[in-house]
Amino acid sequence: MRYEELTIEGRNAVMEAFRAGKTIDKLFVLDGCQDGPVRSIVREAKKKDTIIQFVAKERLDQMSETGKHQGVIAYAAAYQYAEVEDLLKAAEEKNEAPFLILLDGIEDPHNLGAIIRTANLAGAHGVIIPKHRAVGLTATVAKTSAGALNYTPVAKVTNLGKTMEELKERGMWFVCADMGGETMYRLDLRGPIGLVIGSEGDGVSRLVREKCDFVASIPMKGDIDSLNASVAAGVLAYEIVRQRMGGK
């Protein structure tokens, strides 16, 4: 996996990045700009299914590190994304039942980095994140993962629910973390499993939750009502590890 420049500014640089096949997470374009080169960049972005945001000049000036954005700024992934197929292959190569962690709308890069680190240490075969309303593989994520991004593949999908359905057809089942669920110690979490963790504020969305086979809750003894998303991911991932090691 390559470490890549994160912010790309200027028409030529952005166009070159698309042509070189870099993964561009987001493209910011000056609203109302109809220049030929800018229109070509937008066309390229649509082809690659990149998220495009049309913004005011003030916003671009604010974001710009060079002061020479020429109406376009692109955010490239700090690392290459994997395909979901790569995650399943990683399990197959180790002769293990797939163990994946799916994140439904994690927006804090520190949380995403910490979860990738946990995924690596718990022996998960990869992490799946959605394309929209979620943080991508930024430099902060890479840093927080403390090197785990070099070893744990992350796949980015357009529709998390559809991906879950496809994985179910291949024998996987899913458990999501939610306060209202069954205590995790009472659930059988062995076999080919996907652990679904919701966003920091809203938890797992209704559509994704409906696709889960089980809803697991973490026993809480304190006076506050929830754990940070990355801590919840760690607690549940290690319950899965414990059961896989024959501790149920």
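The values are calculated or read from the model by the stated rules, or taken from the named source; none is laboratory data. Small disclaimer: the values here were computed from a predicted structure and weren't measured. Cβ atoms come from the backbone with ideal geometry, glycine included; neighbour counts cover every protein chain shown. Calculation scope for accessible area: heavy atoms of the full protein, side chains included, ligands and nucleic acids excluded. Shrake-Rupley method; radii C 1.70, N 1.55, O 1.52, S 1.80 Å.
Can you run down the residue pairs with Cβ atoms below 9 Å, 6 or more apart or on separate chains, where the first is in region 198-215 and under 15 Å from residue 165 (Cα atoms) and open to solvent by 90 Å² or more (accessible area, probe 1.4 Å) and the partner is of a type in the set (Gly, Ala, Ser) and modelled with pLDDT of 90 or more?
What qualifies is 207/161; 210/161.
Only one of these is part of a loop (DSSP other than H, G, I, E, B), of a type in the set (S, T, N, Q) and either modelled with pLDDT of 95 or more or out of contact with any Leu (no Cβ under 7 Å at 6 or more places or on another chain) (or both): 152, 140, 118. Name it.
Criteria check complete, one pass: 152.
Which residue pairs have Cβ atoms closer than 8 Å, lie 6 or more positions apart in sequence or on different chains, and pair a first residue in region 73-97 that is more than 22 Å from residue 241 (Cβ to Cβ) and at pLDDT below 95 with a second residue that is aromatic (Phe, Trp, Tyr) and surrounded by fewer than 16 Cβ atoms within 10 Å (Cβ to Cβ)?
From region 73-97, the pairs are 78/3; 79/3.
Which of (1) without any contact (Cβ under 8 Å) to a residue 60 or more places away in the chain; (2) within 20 Å of residue 23 (Cα to Cα) does residue 149 not meet, given it meets every other one?
Result: residue 149 passes all but (1).
What is the residue count in region 56-103 for residues that are open to solvent by 80 Å² or more (accessible area, probe 1.4 Å), under 25 Å from residue 19 (Cα atoms) and touching a Gly at 6+ places or on another chain (Cβ under 9 Å)?
Counting residues in region 56-103 that are open to solvent by 80 Å² or more (accessible area, probe 1.4 Å), under 25 Å from residue 19 (Cα atoms) and touching a Gly at 6+ places or on another chain (Cβ under 9 Å) gives 4.
Of all residues in region 8-36, which are of a type in the set (Ser, Thr, Tyr) and assigned to a helix (DSSP H, G or I)?
Answer for region 8-36, where residues must be of a type in the set (Ser, Thr, Tyr) and assigned to a helix (DSSP H, G or I): there is none.
Just the residues that are open to solvent by 10 Å² or more (accessible area, probe 1.4 Å) and within 26 Å of residue 48 (Cα to Cα), please, taken from region 143-159.
The answer is 150, 151, 153, 156, 157, 158, 159.
Here is a list: 90, 74, 124, 134. Which entry is in a helix (DSSP H, G or I) and hydrophobic (A, V, I, L, M, F, W, C)?
Within the list 90, 74, 124, 134, the selection yields 90.
From 184, 179, 164, grab the single residue that is touching a strand residue (DSSP E or B) at 6+ places or on another chain (Cβ under 8 Å), open to solvent by less than 60 Å² (accessible area, probe 1.4 Å) and over 15 Å from residue 101 (Cα atoms).
When all the criteria are applied, what remains is 184.
Checking the condition open to solvent by less than 50 Å² (accessible area, probe 1.4 Å), over 21 Å from residue 132 (Cβ atoms) and either free of Cβ contacts under 8 Å to residues at least 60 places away in the same chain or among the β-branched types (Val, Ile, Thr) (or both), which residue from 21, 10 passes?
None of the others qualify; the one that does is 21.
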